[in-house]
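Notes to accompany the following structure.
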Amino acid sequence: MKSKVYLREELAVKFGIPRARFSEFEHLKLIRPAGMTDDQSPVYTEEAVQQIAHIQKLQELGYGLEEITRIVRKVGLPKAGSGKSARGKPDHYLTVGTLAEKAGLSPRTLKHWEEIGILTPEMRSEGGFRLYPDFTVYLCHLIKDLQLFGYSLEDIKGISDYFREFLEISARPETASRRDVQERLDLMLGEIDNLSEKIGLFKKGIERWEDLIKKKRKEILQLKGRNPRSAETEERGKHAAHHSD
């Protein structure tokens, strides 16, 4: 889980802001959502918390919203980690129900994967809503693929740990010694080679089964094509025997 987020209602309650006033903040672009859920509900990060607190301080000093808007356009509002205002396109997040539907899984399966550490939500709202970025659907398909390759959930957990460790090393290579980093990267390469070998065997198996299925399908169709004449002959024999009786 990377960060904590707030739904619009949670943020409004946190600061005691009426819904109409909160909507006015959004309309004036004093605050912007970091992303949207699948039902088009905006979500906000701690950056929005800082910005609303700053807006309220300016209001306490006697500034009106029009004046605050001019200030924001000129110098911006505080932003976590920098002095620039966010102007990027909001990300899109999925609730656990939508993720389960798109990935063809049950919410119970997703919960189990979270419990054993295979999958983690990108964000969690103050009220406990778990939110996932769109690419998590693809990640769930990859996990199901590994199960088809014969990997246990324990094996998959190990691979997901390697993946998270790779992202951490990529983002902050200075956090560990060069020797430790090299050892971890060698282990990751070994796991990639093992998976590549299994996929190669799996592909050969698929080719064998495709050839067999194609051959047997042809033989079955040929047999089926001859079978109606045999059935018709048998039916005529039964009919003739009935009349002779």
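The values are calculated or read from the model by the stated rules, or taken from the named source; none is laboratory data. It should be emphasised that the depicted structure is a prediction, and the values quoted were computed from it without experimental measurement. Backbone-built Cβ (ideal geometry, glycine too); neighbour counts: all protein chains shown.
Worth pointing out:
- In the set (1) touching a Pro at 6+ places or on another chain (Cβ under 7 Å); (2) without any contact (Cβ under 8 Å) to a residue 24 or more places away in the chain, the condition left unmet by Pro173 is number (1).
- Residue match in the range 142-161 (condition: outside the structural domain of Thr45 (by TED's automatic domain parsing), hydroxyl-bearing (Ser, Thr, Tyr) and within 28 Å of Ala34 (Cβ to Cβ)): yes
- Residue check for Arg184: among the basic types (Lys, Arg) and touching a helix residue (DSSP H, G or I) at 6+ places or on another chain (Cβ under 8 Å): yes
- Unique residue being within 30 Å of Leu7 (Cβ to Cβ), at pLDDT below 90 and in contact with a helix residue (DSSP H, G or I) (Cβ under 7 Å, 6 or more places away or on another chain) when the list is Leu110, Leu94, Leu131, Leu167: Leu94
- Among residues of the range 142-170, those that are in a loop (DSSP other than H, G, I, E, B) and surrounded by fewer than 15 Cβ atoms within 10 Å (Cβ to Cβ), counted: 3
- Residue list for the range 172-216, filter: in a helix (DSSP H, G or I) and either among the basic types (Lys, Arg) or in contact with a strand residue (DSSP E or B) (Cβ under 8 Å, 6 or more places away or on another chain) (or both): Arg178, Arg179, Arg184, Lys198, Lys203, Lys204, Arg208, Lys214, Lys215, Lys216
- Filtered residues of the range 171-195 (kept if hydroxyl-bearing (Ser, Thr, Tyr) and surrounded by fewer than 10 Cβ atoms within 10 Å (Cβ to Cβ)): Ser177
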